Amino acid sequence: MVFLDSDDLITQDKLRLQIPIMEQDPDIGAVYSRWQLTDLAGGIIAEDGRDVTNNILPMLLCTNIAPFHSFTFRTEYLRAIGGFDEDLSTCADWDVLIRLALCQYKFRFLDEVTAIYRMHSDNMSHNHTLTIAESKRLID
């Protein structure tokens, strides 16, 4: 399962690259990748992403490791953790990742860009007050 906001993009080969990784091991709950940060015109601002799978839970307790649409999830594991916390908005994706890691589902990293996060003034991440409040609640 992949989630995609209307203002972001995924590459055409995302599923072709990530699904075989999941098929290698039934304990893999999510595969994530590198991503590009672009402006609305498609100009690349930055490229990021690194493999933190050997230290996933401590990393997730410090920060959200990647845009949510860089992940492909095993649907039954999302259901097993109860899906999204509907009381969260800006941190609901981060919460899902933490709960998957707490259940000891494995994460794998693909060292290729499969997600494009488009920056603009309406991104929810620009609401710093809400993001800080939800981040604190999530960590608590």
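Derivation of every value follows stated rules applied to the coordinates shown; laboratory data play no part. Note that this is a predicted model, so its numbers are computed, not measured. Here the Cβ positions follow ideal geometry from the backbone for every residue, glycine too, while neighbour counts run over all protein chains shown.
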Self-check item: Kirkwood hydrodynamic radius (C-alpha pairs) into Stokes-Einstein, the chain, 37 °C and 0.692 mPa s, D in µm²/s
Solution: 212
Quiz item: Using a simple spin-label model with points 7 Å from Cα along the Cα→Cβ vector, what separation in nm is obtained for Glu47 and Glu76?
Solution: 3.6
Quiz item: What is the dipole size for the stretch 1-125, taken about its Cα centre, with +1 at each Lys and Arg Cβ and -1 at each Asp and Glu Cβ, in debye to the nearest 20?
Solution: 340
Practice problem: Just need the relative contact order of the chain here, percent rounded to a whole number, with Cα pairs under 8 Å and 6+ apart. | Solution: 38
Quiz item: If one puts a single equal scatterer on every Cα of the stretch 44-110 and applies the Debye formula without solvent, what log₁₀ I(q)/I(0) results at q = 0.17, 0.19, 0.23, 0.24 Å⁻¹?
Solution: -0.61, -0.76, -1.10, -1.19
Quiz item: How many percent of DSSP beta bridges within the stretch 1-122 run antiparallel, rounded to 5?
Solution: 45
Self-check item: Packing-based order for 81-94, 39-52, using average beta carbon neighbours within 10 Å, highest first
Solution: 81-94, 39-52
